[in-house]
1. Anything in region 41-99 that is without any contact (Cβ under 8 Å) to a residue 40 or more places away in the chain and aliphatic (A, V, I, L, M)? List them, or say none.
2. Could you list, in sequence order, all residues of region 95-120 that are open to solvent by 40 Å² or more (accessible area, probe 1.4 Å) and either modelled with pLDDT of 95 or more or not in a helix (DSSP H, G or I) (or both)?
3. Kindly evaluate G45 against the criterion of being modelled with pLDDT of 90 or more and within 24 Å of A129 (Cα to Cα).
4. I'd like the residue in region 41-63 that is within 11 Å of the chain's Cα centre (by Cα) and among the acidic types (D, E) and, out of all such residues, is least open to solvent (accessible area, probe 1.4 Å).
5. Which of the residues that make up region 55-71 are in contact with a Ser or Thr (Cβ under 8 Å, 6 or more places away or on another chain) and either aromatic (F, W, Y) or assigned to a loop (DSSP other than H, G, I, E, B) (or both)?
6. Residues of region 19-49 being of a type in the set (A, V, I, L, M, F, W, C) and part of a loop (DSSP other than H, G, I, E, B), which ones?
7. For T52, only one of the following conditions fails: (1) outside any loop (DSSP other than H, G, I, E, B); (2) over 20 Å from F144 (Cα atoms). What is its number?
8. I need the full set of residues from region 64-91 which are within 21 Å of V42 (Cβ to Cβ) and either surrounded by 18 or more Cβ atoms within 10 Å (Cβ to Cβ) or among the basic types (K, R) (or both), in order please.
Amino acid sequence: FPHAAPVRLALDLFKETGEARFEQIAVRTLDAMGWGGLYDEVDGGFFRYAQTADWRDPRFEKLLDPNAALLRLYLDAGATLGLARFTGLAQDVLRYIQTWLADPVEASWFASQEADDAYYAARPSIALARPGVDGGVLDLDGRFGLHPALAPLMPLWRAGQLGFVQACGSPDATR
């Protein structure tokens with residue numbers, strides 16, 4: 001389980017005392033969580049837990065509360081330690097939360113994203129590369145993007161003649 005509180009303690013103790021051992025604990029743990037199998041490098045966000053001691057076989061469920069706590073922790077670590085990799089990972093976690101756990105129709109949040117092993121098994125064949133990579137997502141504004149098959153729409157977007165609706169509401173009482 002990726003727990004933010006113990007790492008937060010190490011980071012706070014480093015800020016208070018300046019002792020290198022607390023910095024080393026925080027950096028080593030943040031690196032292990034962020035680049036050791038618990039972090040979903042495709043969709044973003046942290047998995048709930050790993051099924052092996054080396055964190056290489058995660059349980060694919062993701063929860064809002066731990067991801068929000070880790071977002072704050074990585075932002076603080078990036079600022080405190082001056083390490084851009086932590087700030088970048090925090091930005092990816094925020095993107096994940098906004099994309100997968102926010103419900104713009106109800107103006108609320110989903111508590112979790114359930115795992116589907118078949119999705120994760122098929123993901124390498126359906127995933128799109130990041131913006132800027134050949135065949136990757138077409139960047140609209142640094143936050144949203146288009147499937148590469150929609151490239152003919154990009155001139156209209158750039159000219160301000162096209163807009164996209166992220167979500168829309170419905171008067172239906174079930175929504």
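1. A50, A53, A68, L71, L75, A79, A84, A90, L94 - these are the residues of region 41-99 that are without any contact (Cβ under 8 Å) to a residue 40 or more places away in the chain and aliphatic (A, V, I, L, M).
2. Across region 95-120, the qualifying residues are P104, V105, E106, A107, S108, W109, F110, A111, S112, E114, D116.
3. Yes; evaluated as a whole, the condition is true for this residue.
4. D43
5. Within region 55-71, E61 is the sole residue that qualifies.
6. First, pick out the residues of region 19-49 that are of a type in the set (A, V, I, L, M, F, W, C): 20, 22, 25-27, 30, 32-33, 35, 38, 42, 46-47.
Listed by number, the residues that qualify are L38, V42, F47.
7. (1)
8. Across region 64-91, the qualifying residues are P66, N67, L70, L71, Y74, R85, F86, L89, A90.
The values are calculated or read from the model by the stated rules, or taken from the named source; none is laboratory data. Everything numeric in this text was worked out from a predicted model, so none of it was measured. We place every Cβ from the backbone using ideal geometry, glycine too, and count neighbours over all the protein chains shown. Heads up: the accessible areas ignore ligands, DNA and RNA and are worked out on the full protein's heavy atoms, side chains in. Shrake-Rupley method; radii C 1.70, N 1.55, O 1.52, S 1.80 Å.
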